[in-house]
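Engineer: What follows is a single structure, and I will ask about it in a moment.
The values are calculated or read from the model by the stated rules, or taken from the named source; none is laboratory data. Keep in mind it's a predicted model, so treat the numbers as computed, not measured. Reconstructed Cβ throughout: ideal geometry from the backbone, glycine too, with neighbour counts over all protein chains shown.
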């Protein structure tokens, strides 16, 4: 997507970020379970969540697998990392760094190599995905796995039309990310996972007003309010139901794991 004040957006959103994501009681547990399953995570894996935000998914993955090595929660936003807690929960280690920092080797990590890395809905914030994914692949141990989770090229969210159009215009093509994984020396595969999300209309409108998606930070206050009027007219139902679909792009490094 276009370069904009992404860090500023997340600094402002940090305190209420988790509230926006838990819009369906089972969303976090459902998606975290898909992450763990797709990456074939085990308690002995050395794992990094790149672009972790508040660690909301890493926390649930840690609950699922009970890791022997703390999951590295990597994010460039101090405000987001602060929400993980001080001290952080058992099984999580916050690290203030960007995906580019990790890829370039300038971020100090406690593990020389990683067995599993995931980036959930953060690859579109990376200026040069090909170079960054190549660098992240180099941090993997033989048999290591790199998972990019992203929205598809178009979405069916109950947003206003200008937001849907801008999303389609700016969202990277998952097939292009597959090419980057292959160029990085990984064996790639692409699959899609989907669930139906249901939430109160007024709660969702509040999330849009708070710009819960970074895409919405590209709209002015007046444009957001005009969009909300459009949403109310298009969706008079009190509960919104829509498909939440994600592209899972998995790259596996050749070689035997430990």
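Engineer: Considering each of 190, 181, 159, 215 in turn, give the residue that is within 29 Å of residue 58 (Cβ to Cβ), part of a strand (DSSP E or B) and either in contact (Cβ under 8 Å) with a residue 12 or more places away in the chain or out of contact with any helix residue (DSSP H, G or I) (no Cβ under 6 Å at 6 or more places or on another chain) (or both). Please lay out each step first, then the result.
Structural biologist: On the way: 181 fails: part of a strand (DSSP E or B); 159 fails: part of a strand (DSSP E or B); 215 fails: part of a strand (DSSP E or B).
190 is the lone residue from the list that is within 29 Å of residue 58 (Cβ to Cβ), part of a strand (DSSP E or B) and either in contact (Cβ under 8 Å) with a residue 12 or more places away in the chain or out of contact with any helix residue (DSSP H, G or I) (no Cβ under 6 Å at 6 or more places or on another chain) (or both).
Engineer: Tell me which residues, restricted to segment 220-249, are closer than 21 Å to residue 53 by Cβ and touching a helix residue (DSSP H, G or I) at 6+ places or on another chain (Cβ under 8 Å). Walk me through how you get there before you give the answer.
Structural biologist: Applying the first criterion (closer than 21 Å to residue 53 by Cβ) to segment 220-249 yields 244-249.
Within segment 220-249, 244, 246, 247, 248, 249 qualify.
Engineer: Could you check, for segment 218-231, whether at least one of its residues is farther than 26 Å from residue 124 by Cα and touching a strand residue (DSSP E or B) at 6+ places or on another chain (Cβ under 9 Å)?
Structural biologist: No, segment 218-231 contains no residue that is farther than 26 Å from residue 124 by Cα and touching a strand residue (DSSP E or B) at 6+ places or on another chain (Cβ under 9 Å).
Engineer: From (1) modelled with pLDDT under 95; (2) closer than 17 Å to residue 181 by Cα; (3) not in a helix (DSSP H, G or I), pick out the condition that doesn't hold for residue 154.
Structural biologist: Of (1) modelled with pLDDT under 95; (2) closer than 17 Å to residue 181 by Cα; (3) not in a helix (DSSP H, G or I), only one is false for residue 154: (2).
Engineer: Can you name the residue in segment 123-146 that is buried (at least 22 other Cβ atoms within 10 Å of the Cβ) and assigned to a strand (DSSP E or B) and, of all such residues, is nearest to the chain's Cα centre (by Cα)?
Structural biologist: Top of the filtered list is 146.
Engineer: If you scan segment 66-77, which residues turn out to be more than 18 Å from residue 110 (Cβ to Cβ) and free of Cβ contacts under 8 Å to residues at least 60 places away in the same chain?
Structural biologist: 66 - this is the single residue of segment 66-77 that is more than 18 Å from residue 110 (Cβ to Cβ) and free of Cβ contacts under 8 Å to residues at least 60 places away in the same chain.
Engineer: Looking for whichever is surrounded by fewer than 19 Cβ atoms within 10 Å (Cβ to Cβ) and more than 19 Å from the chain's Cα centre (by Cα) here; the options are 245, 209. Which one fits?
Structural biologist: 209
Engineer: Give, as residue ranges, the helices (runs of 4 or more DSSP H) completely inside segment 1-77 that count at least 2 residues that are at pLDDT 95 or above and surrounded by fewer than 22 Cβ atoms within 10 Å (Cβ to Cβ).
Structural biologist: Details: elements: 6-13, 17-21, 27-38, 56-65.
In segment 1-77, 27-38, 56-65 are the helices (runs of 4 or more DSSP H) which contain 2 or more residues that are at pLDDT 95 or above and surrounded by fewer than 22 Cβ atoms within 10 Å (Cβ to Cβ).
Engineer: Among the residues of segment 78-92, which ones are crowded, with 18+ Cβ neighbours inside 10 Å, outside any loop (DSSP other than H, G, I, E, B) and in contact with a strand residue (DSSP E or B) (Cβ under 8 Å, 6 or more places away or on another chain)?
Structural biologist: The answer is 81, 92.
Engineer: For segment 219-230, how many residues meet the condition of being in contact (Cβ under 8 Å) with a residue 40 or more places away in the chain and surrounded by fewer than 19 Cβ atoms within 10 Å (Cβ to Cβ)? Show your work before the answer.
Structural biologist: Kept after step one, since they are in contact (Cβ under 8 Å) with a residue 40 or more places away in the chain, are these residues of segment 219-230: 219, 223, 226-228, 230.
Pick out the ones that are also surrounded by fewer than 19 Cβ atoms within 10 Å (Cβ to Cβ) and you get 219, 223, 226, 228, 230.
Qualifying residue count for the region: 5.
Engineer: In segment 209-225, which residues are at pLDDT 95 or above and closer than 25 Å to residue 77 by Cβ? Write out each step before concluding.
Structural biologist: The initial filter retains those residues of segment 209-225 that are at pLDDT 95 or above, namely 219-225.
The answer is 219, 220, 221, 223, 224.
Engineer: Residue pairs, Cβ under 6 Å, 6 or more apart or interchain, first in segment 82-99 and touching a residue at least 60 places away in the same chain (Cβ under 8 Å), second not in a loop (DSSP other than H, G, I, E, B). List them.
Structural biologist: Every condition considered, the pairs that remain are 83/14.
Engineer: Let me ask another. Quickly run through segment 231-242 and pick out the residues that are farther than 16 Å from residue 206 by Cβ and either modelled with pLDDT of 95 or more or surrounded by 12 or more Cβ atoms within 10 Å (Cβ to Cβ) (or both). If you could, list the steps in order and put the result at the bottom.
Structural biologist: Let us first name the residues in segment 231-242 that are farther than 16 Å from residue 206 by Cβ, namely 233-234, 236-237, 241-242.
233, 234, 236, 237, 242 - these are the residues of segment 231-242 that are farther than 16 Å from residue 206 by Cβ and either modelled with pLDDT of 95 or more or surrounded by 12 or more Cβ atoms within 10 Å (Cβ to Cβ) (or both).
Engineer: Another question, then. Output the residue which, of all residues in segment 99-115 that are in contact with a helix residue (DSSP H, G or I) (Cβ under 9 Å, 6 or more places away or on another chain) and surrounded by 21 or more Cβ atoms within 10 Å (Cβ to Cβ), is farthest from residue 80 (Cα to Cα).
Structural biologist: Top of the filtered list is 114.
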